[in-house]
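Let me begin by presenting the structure, written as structure tokens, before commenting on it.
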Amino acid sequence: MMEEQISKIAKQAKEEIINSKDANSLNEVRIKYLGKKGEITSILRGMGSLTPEQRPVIGEMINKVRDEIETAIKNAEKEIKNRELI
């Protein structure tokens, strides 16, 4: 199911963000999930194949996950910058 796939992507992305040690590795995570050919983007492109009933549910879920990933990346960027200053 698509819901399971989205949950799995969210979990993987958050783990990779936590494990990112520097800005470069964090940027790689951003590209992997949010880039043009990223996992979130590919799900959004596949939404046309969903039934009209599924679209709002999956759309809301994927948007929430995308926002969570973006927020986690921003927080990790701040932490990395703070570590570099010390």
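The values are calculated or read from the model by the stated rules, or taken from the named source; none is laboratory data. Remember, it's a predicted structure, so these values are computed and weren't measured experimentally. Each accessible area value is taken on the protein alone, full model and side chains, heavy atoms only, with ligands, DNA and RNA left out. Shrake-Rupley method; radii C 1.70, N 1.55, O 1.52, S 1.80 Å.
Suppose accessible area is computed on protein heavy atoms with a 1.4 Å probe; arrange T71, T41 from highest to lowest.
The ordering from most to least exposed comes out as T71, T41.
State the percentage of accessible surface on the chain attributable to carbon and sulfur atoms; use a 1.4 Å probe and exclude ligands, DNA and RNA.
Carbon plus sulfur share of accessible area: 53 percent.
Accessible area per residue of the chain at 1.4 Å probe, in Å²?
The answer is 70 Å² per residue.
Taking only C-alpha pairs under 8 Å that are 6+ residues apart, what is the relative contact order of the chain in percent?
Reported relative contact order: 38 percent.
Please give the calculated 222 nm ellipticity per residue for the chain, where each DSSP H segment of at least 4 residues contributes -39500 (n - 2.57) and the sum is spread over every residue; nearest 500 deg cm²/dmol?
Helix-only estimate at 222 nm: -27000 deg cm²/dmol.
Springs between alpha-carbon pairs under 10 angstrom, Gaussian network model over the chain: which of I17, I69, I43 fluctuates most?
Evaluated over the chain, the most mobile residue of the options is I43.
Comparing V57, V65, V29, which has the greatest mean-square fluctuation in the GNM of the chain with Cα pairs linked when under 10 Å apart?
Ranking V57, V65, V29 by mean-square fluctuation puts V57 first.
Restricting to Cα atoms and excluding each atom paired with itself, what does the Kirkwood estimate give for the stretch 6-86 in Å?
13.4 Å
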